[in-house]
Amino acid sequence: MVAGAGLVLGTIQAGADQPAYAIHYLGMRGAPKHGGSQSVNLIDHSGPVLASSKTYTVWWGPSGSWAGDVQTGIADLLSGLNGSTYFATAGQYMRSRTLVTSYGDSASDTTSPPNPNRVGAATLGTEVAKEALANSWNVAAGDVFFVYTSNFPKGGNYCAWHSYATVGGVIVSVAYMPNTTGVAGCNPNAPSSITGSEALVSLANVTAHEFMESVTDPQISAWYDTSGYEIGDKCAWQFTGDPVSLGGTNWWLQEEWSNAVSGCVATTAVA
């Protein structure tokens, strides 16, 4: 599994019994910039978008694998997105539909996750189906499932990826979120004014990246540019120098691409 420079569009097969899905990677900080022009806007390829979404988190690994503030912090991040000026940048890609999101629930699976170099979209779909059954989640189109694992891939040169899978006959968005704790290439280097552990600050930025791409390009068939780069790719690891406020909490989150200004922005006025 090779992510390449920056975010790369590709497919991966996690095993002989798993179908290949399109997967979009977030390359590590410092990876070479992609060849696409920063002046090229995202193009609508007519695939589905998620104007209305509901997010869930699955924490897969032994207890104590993450810093104590990580799980509650990520829940706060996802809960604070709706109605925020950060999330509002995605509104221009919703084809005139109202943009809304909500946070659903969290689940913990204390078994050891599989080898990260063998994880594919179907792996995440199977794990989501297991937790949905155990927690009586009513899985629906528009759901986005973040699966955080206690381990991290060796040699992958990426921090996370998003894709889609079928759960209970419904196509849902899934994001693979390996444990970026202590991984320099996934650390956004937030200023000291941003509170929270290094683990939380790192995962928060990566989570925001994958969330924005999951709603604007959930099946890798909607909004991306001529080089295959999505809303977060074109601005990966770019920060304005000011924190982003979500639900009253300040976060250090990368900018996102706005077709409206043909550039990277941290926030967009809420309509």
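Table: residues versus (1) among the acidic types (Asp, Glu); (2) surrounded by 21 or more Cβ atoms within 10 Å (Cβ to Cβ).
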| position | (1), (2) |
| --- | --- |
| ALA67 | no, no |
| ALA88 | no, no |
| SER96 | no, no |
| GLU131 | yes, yes |
| ASN138 | no, no |
| VAL144 | no, yes |
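For region 226-243, which positions are open to solvent by 70 Å² or more (accessible area, probe 1.4 Å) and charged (D, E, K, R)?
ASP242
Might you let me know whether region 160-168 holds any residue that is open to solvent by 10 Å² or more (accessible area, probe 1.4 Å), touching a strand residue (DSSP E or B) at 6+ places or on another chain (Cβ under 9 Å) and closer than 21 Å to TYR224 by Cβ?
Yes: one or more hits.
Quick test of your reading of the structure: SER39 fulfils all but one of (1) modelled with pLDDT of 90 or more; (2) open to solvent by 50 Å² or more (accessible area, probe 1.4 Å). Name the failing condition by number.
(1)
Can you find a residue that is farther than 16 Å from LYS54 by Cα, touching a Lys or Arg at 6+ places or on another chain (Cβ under 8 Å) and open to solvent by less than 10 Å² (accessible area, probe 1.4 Å) anywhere in region 175-195?
Yes, because at least one residue in region 175-195 is farther than 16 Å from LYS54 by Cα, touching a Lys or Arg at 6+ places or on another chain (Cβ under 8 Å) and open to solvent by less than 10 Å² (accessible area, probe 1.4 Å).
Which residues, taken from region 249-271, are open to solvent by 60 Å² or more (accessible area, probe 1.4 Å) and of a type in the set (A, V, I, L, M)?
ALA260, VAL261, ALA269, VAL270, ALA271, listed by residue number.
For region 215-225, how many residues meet the condition of being small (Gly, Ala, Ser) and open to solvent by less than 10 Å² (accessible area, probe 1.4 Å)?
The qualifying residues number 1.
Listed residues LEU246, LEU200; which is buried (at least 19 other Cβ atoms within 10 Å of the Cβ), in contact with a Ser or Thr (Cβ under 6 Å, 6 or more places away or on another chain) and under 16 Å from ASP69 (Cβ atoms)?
Being buried (at least 19 other Cβ atoms within 10 Å of the Cβ), in contact with a Ser or Thr (Cβ under 6 Å, 6 or more places away or on another chain) and under 16 Å from ASP69 (Cβ atoms) holds for just one of LEU246, LEU200, which is LEU246.
Which residues, counting only those in region 99-138, are among the basic types (Lys, Arg) and touching a residue at least 60 places away in the same chain (Cβ under 8 Å)?
Scanning region 99-138 gives a single hit, ARG118.
All but one of (1) under 19 Å from SER106 (Cα atoms); (2) out of contact with any helix residue (DSSP H, G or I) (no Cβ under 6 Å at 6 or more places or on another chain) hold for VAL167; state the number of the condition that does not hold.
Among (1) under 19 Å from SER106 (Cα atoms); (2) out of contact with any helix residue (DSSP H, G or I) (no Cβ under 6 Å at 6 or more places or on another chain), the lone unmet condition for VAL167 is (2).
The values are calculated or read from the model by the stated rules, or taken from the named source; none is laboratory data. Predicted model only: the values in this text are computed from it and were never measured. Don't worry about glycine lacking a Cβ; one is built from the backbone with ideal geometry, like all the others, and counts go over all protein chains shown. Side chains included, ligands, DNA and RNA excluded: accessible areas come from the protein's heavy atoms. Shrake-Rupley method; radii C 1.70, N 1.55, O 1.52, S 1.80 Å.
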